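Below is one structure, written out as structure tokens, with a few remarks after it.
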Amino acid sequence: MPYTVYILQSLTKDKYYIGYTADLKARIIRHNQKNKGFTGSTNDWVLVYQEDYDTQSEAIQREKQIKSWKSKIKIKELIQKK
């Protein structure tokens, strides 16, 4: 089963969200349903970047790497490279 590392952007929050999933379409729908959590306060999250991996462990490793940057500038650079 393929796994996807993804980056969502909210223009109203001016924030990015980094995650991984085996079902990207369903995951984005859940992010845009107002609920608790980081993405729950707004429903304008759009997919701006994705990478596909064969294993869950590869996807988790890449997600952690991107999150460790803690830099909006580096995330924007990654998005622009696609």
The one condition in (1) in contact with an Asp or Glu (Cβ under 6 Å, 6 or more places away or on another chain); (2) under 15 Å from LYS76 (Cβ atoms) that LEU8 fails to fulfil | (1)
Residue check: is LYS25 among the charged types (D, E, K, R), surrounded by fewer than 14 Cβ atoms within 10 Å (Cβ to Cβ) and under 13 Å from the mean Cα position of the chain (by Cα)?
-> yes
Say whether the condition of being surrounded by 11 or more Cβ atoms within 10 Å (Cβ to Cβ) and basic (Lys, Arg) is met by at least one residue in the stretch 9-21.
-> yes
Of the residues that sit in the stretch 61-77 and are of a type in the set (A, V, I, L, M, F, W, C) and more than 12 Å from the chain's Cα centre (by Cα), which one is farthest from LYS13 (Cα to Cα)?
-> TRP69
Using beta carbons and a limit of 8 Å, which pairs, at least six apart or on different chains, have the first residue in the stretch 45-68 and over 21 Å from ARG30 (Cβ atoms) and the second one in a strand (DSSP E or B)?
-> ASP54/TYR3; THR55/TYR3; GLU58/TYR3
Sort out which residues of the stretch 51-82 are hydrophobic (A, V, I, L, M, F, W, C) and exposed (fewer than 11 other Cβ atoms within 10 Å of the Cβ), and write them in order of number.
-> ILE73
Of residues in the stretch 32-50 being within 10 Å of the chain's Cα centre (by Cα) and of a type outside the set (Val, Ile, Thr), the one surrounded by the most Cβ atoms within 10 Å (Cβ to Cβ) = TRP45
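Every number in this text was worked out from the coordinates using simple rules, so none of it is lab data. This structure is a prediction, so every number in the text was calculated from the model and none was measured. Backbone-built Cβ (ideal geometry, glycine too); neighbour counts: all protein chains shown.
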